[in-house]
Structures are given as structure tokens and as C-alpha cells.
Amino acid sequence: MLGNRPVGGKGAFDNRTQMVGVEKLEDGKPTLTQQPLDRPITIEDLMRHTSGLTYGFYGDSAVRKLYAQADLFNGGLDNAEFVERIAKLPLAEQPGTLWDYGHSTDVLGRVIEVISGQSLYQFEKARLLDPLGMGETVFNVVEPEKRPLLAEPIPEDRSITPIAGIRDPMTPRKWESGGAGMVGTIGDYARFAQMLLNGGTFEGRRYLKPETVALMASDRIGPETKIGRDRFYFPGPESGFGLGFAVRTSVPQNTSWPLGEYRWDGVAGTFFFVDPEDDMLVVFMVQTPSQRGRIQLALKRLIYQAMGR
């Protein structure tokens, strides 16, 4: 199975030299030591955020501070250069032990490049964007006449931290992030979500096997896996996590919301969810990092109240 294969090889991510950062107290002071991996990072780890790769813009652990201080995004880097930089940092924990939202999807984007021999955008465009009719979904908006069409964040609500801000898509850059940075329209996003709701097909063309969609939308970090969840477990107590999505595994209190709904959201506020039980998808786009959670929850409540749930 591809998902169980170790990540590695020239230009991708070298499991052989990766280390794990471990905090210890010495003479009452925290120190950071490094230990070898108990097992390699797998592609499944990257897809379900159990690789040990983290982000540097939340939390205050010693490893997260290293990520924040590493200047990972400076310069005109591409995916290969980004992975080279991040591979020099220790993992926050052993692979397969904790759900840790971080740069896993960025590394996965580089894995796609190495396997396909194409840039990430070339691969996405050929396999997904063009066939699905997602012609407005890009990393860089190059047409000046489209500037008025871009949703602009409120000036004082552009970021959660200085290293997690909303970039200007009209400023070209080489880095095609696997985990962030594309822009598009609600119509484009809805076509993608409809393909998932349809079990992998759209307008007569198959993109994914039904079994693949079912695998992606099933909980891959349940109790049987013994994968931990800390205070930064963003899917919430009623949800597990599949291969790229939070997956509802229990009904929230005082609701009758369906099980099996899967979803995710971006740091600026865009979010979507697919509800197979009700044959429904929702795409919502907004640029407000500080208000996104409140608005998303209120919108979902309104939708299900209107449906009698």
C-alpha cells in the first residue's frame, strides 16, 4: 500500500537522517536533545498529520520555537528548497504517535513532484484542475485586471502571528505550497467538493475510486491506533481525522448533526464540508483570521437548523 511506504529518496525527505527533538529538564532548566526515529515517516503519516512535522506559529515548545526561528519561507524558494530547509529541523514527536498539524502536506507536495517529475501545480493542473473545470484556481494571479476581484482581508486582520499572514497572490513566488497558498472561486471549490460527494466522479469522469474517497473520509487516528491528541487537536472532540479531512465520529451535544461529515478550513477563513448523509456540500470563503471560527460555527448551525437538525 502506497500510504505505508516510507517517505524518502533524492529530493523528497530523508528518513535516514531525521531526528526527533525531546525536551528534558537538566538542573531545573529545559534542554532540547535529539533522538533517532523509532520508525520512518510514511505517506499515510503525511496525509493524516502524524509525521512529527509541526508549524512554528502556534504553541511554545522548544521544537516549535526552532521552526518559528528557522526563516523557512524567506527568499525565492521552491518546494525542493523548502523541504531541504525543514529536513534540517527535528521532528516534534515520533512519527505515528500524535496528531500534530504542521508542514506534512507541504512535504507531501514535494513527494508528488519527485514521483511525477512535474511541479506541484503542473501535476494538479493536469490531473485535477483542468479536467474538473477549475480554471480560476492558481497559486499566482498574474492578470492585473483581476485585482478588483480578489477578496482583501481587513488591514488589521491579516494574520494570527507574523509568520502566518495572508500573502498577496499577485506577488509571484516559486514556492507552490502543498498545504496553503492557492486562490480560486467558490464555483471552482464547489466542483471539487461535488466530485468528493459523488464518490470520486464529476460530469461523467472518474477522478478517484469510491474506495479511495471512503478511505480518505474515514477516521485514521481512532483509539485503536493509540495516536495521541493534545490541546492543539483542532478537529475537536467530536471528530477524528482521515486522509486530509476532519471526520465527524460523534454527534455534538444538543444537535442531530450527521456522522460521517468531513471538512477542513484555512487559516484565513475559507472552509468547506461534505455531508454524504444529506447529500450536501458547503463552501464558504472569507478573509478574517480572527473571526473565522465564530463565523463558521454560526453558519453551520444556521444551515442545520434550517434542515431541522
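The values are calculated or read from the model by the stated rules, or taken from the named source; none is laboratory data. These figures come from a predicted structure and were not determined experimentally. Heads up, the Cβs are rebuilt from the backbone with ideal geometry, glycines too, and the neighbour counts pull from every protein chain shown. Each accessible area value is taken on the protein alone, full model and side chains, heavy atoms only, with ligands, DNA and RNA left out. Shrake-Rupley method; radii C 1.70, N 1.55, O 1.52, S 1.80 Å.
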How about residue 125: which lysines have a C-alpha closer than 27 Å to its C-alpha, ignoring those fewer than 8 places off in the same chain?
-> 10, 146, 174, 209
Among rounded, prolate and oblate, which fits the range 44-121 when a ≥ b ≥ c are the square roots of the eigenvalues of its C-alpha gyration tensor, a/c under 1.5 means rounded, and a/b larger than b/c means prolate?
-> oblate
Rounded to the nearest 10 Å², what accessible area does residue 234 show when all protein chains are kept and the probe is 1.4 Å?
-> 100 Å²
Ranked by GNM mean-square fluctuation in the chain (Cα springs under 10 Å), the top entry among 249, 54, 31 is 31
What list of ³J(HN,Hα) couplings, whole Hz, do you get for the range 274-282 from phi and the Karplus terms 6.51, -1.76, 1.60, once you set θ to phi - 60° and write x for glycine and proline?
-> 10, 10, x, 4, 9, 6, 9, 10, 9
Tally Lys and Arg at +1 and Asp and Glu at -1 over the other residues with C-beta under 12 Å from the C-beta of residue 244: what net charge comes out?
-> +2
Selected from 109, 204, 240 as most flexible by GNM, with the chain as the system and alpha-carbon contacts under 10 Å | 204
Note down the magnitude of the dipole of the range 167-246 about its Cα centre, charges +1 on Lys and Arg C-beta and -1 on Asp and Glu C-beta and zero elsewhere, to the nearest 20 debye.
-> 220 debye
Convex hull projection area averaged over all views, the range 208-298, Cα basis, nm² = 6.8 nm²
Can you tell me the FRET efficiency between residue 156 and residue 214 if r is taken as the Cβ-Cβ distance and R0 is 41 Å, rounded to the nearest 0.05?
-> 0.45
Residue-span extension gain [residue 35 to residue 167] - 0.36 nm each, minus C-alpha spacing | 44.0 nm
Dipole magnitude of the range 222-269 about its Cα centre (Cβ charges: Lys, Arg +1; Asp, Glu -1), debye to nearest 20 = 80 debye
For the range 85-98, just list the computed ³J(HN,Hα) in residue order, Karplus coefficients 6.51, -1.76 and 1.60, θ = phi - 60°, integers in Hz, with x standing in for Gly and Pro.
-> 5, 6, 5, 7, 9, x, 6, 7, 7, 5, x, x, 10, 8
Calculate, for the chain, the solvent-accessible area per residue in square angstrom, rolling a 1.4 angstrom probe over the heavy atoms of the protein chains.
-> 52 Å²
Would you grab the residues whose amide H sits under 5 Å from the one on residue 239? Only those 5+ places off in sequence or on another chain, please, with H modelled 1.01 Å from N.
-> 249
What accessible area, in Å² to the nearest ten, does a 1.4 Å probe give for residue 189?
-> 60 Å²
Distance violations [Cα-Cα > 25 Å] among 24/226; 24/88; 65/88; 226/300 | 226/300
Kindly identify the range 30-178 as rounded, prolate or oblate by the Cα gyration tensor criterion: order the square roots of the eigenvalues as a ≥ b ≥ c, call it rounded if a/c is under 1.5, otherwise compare a/b with b/c, prolate if a/b is larger, else oblate.
-> oblate
Would you mind pulling out the separation of the Cα centroids of the range 227-304 and the range 77-126, in Å?
-> 24 Å
Between residue 277 and residue 147, what length comes free when the chain is fully extended (0.36 nm per residue of separation minus the Cα-Cα distance, one decimal in nm)?
-> 42.9 nm
Only helical DSSP H runs with n ≥ 4 go in: add -39500 (n - 2.57) per run for the chain, normalise by residue count and round the 222 nm mean residue ellipticity to 500 deg cm²/dmol.
-> -7000 deg cm²/dmol
In nm, the gap between the two label points placed 7 Å beyond Cα toward Cβ at residue 115 and residue 130 is 2.1 nm
Residue among 285, 254, 33 farthest towards the positive dipole end of the chain, charges placed on Cβ | 33
With the charge dipole of the range 125-206 built from beta-carbon charges (+1 for Lys and Arg, -1 for Asp and Glu) about the Cα centre, the Cα from 184, 132, 159 projecting farthest to the positive end belongs to 132
At what distance in nm do the modelled label points of residue 309 and residue 251 sit from each other, each positioned 7 Å from its Cα along Cα→Cβ?
-> 1.1 nm
Starting from one equal scatterer on each C-alpha and no solvent at all, send me the Debye-based log10 I(q)/I(0) for the range 37-82 at q = 0.23 Å⁻¹, two decimals.
-> -0.99
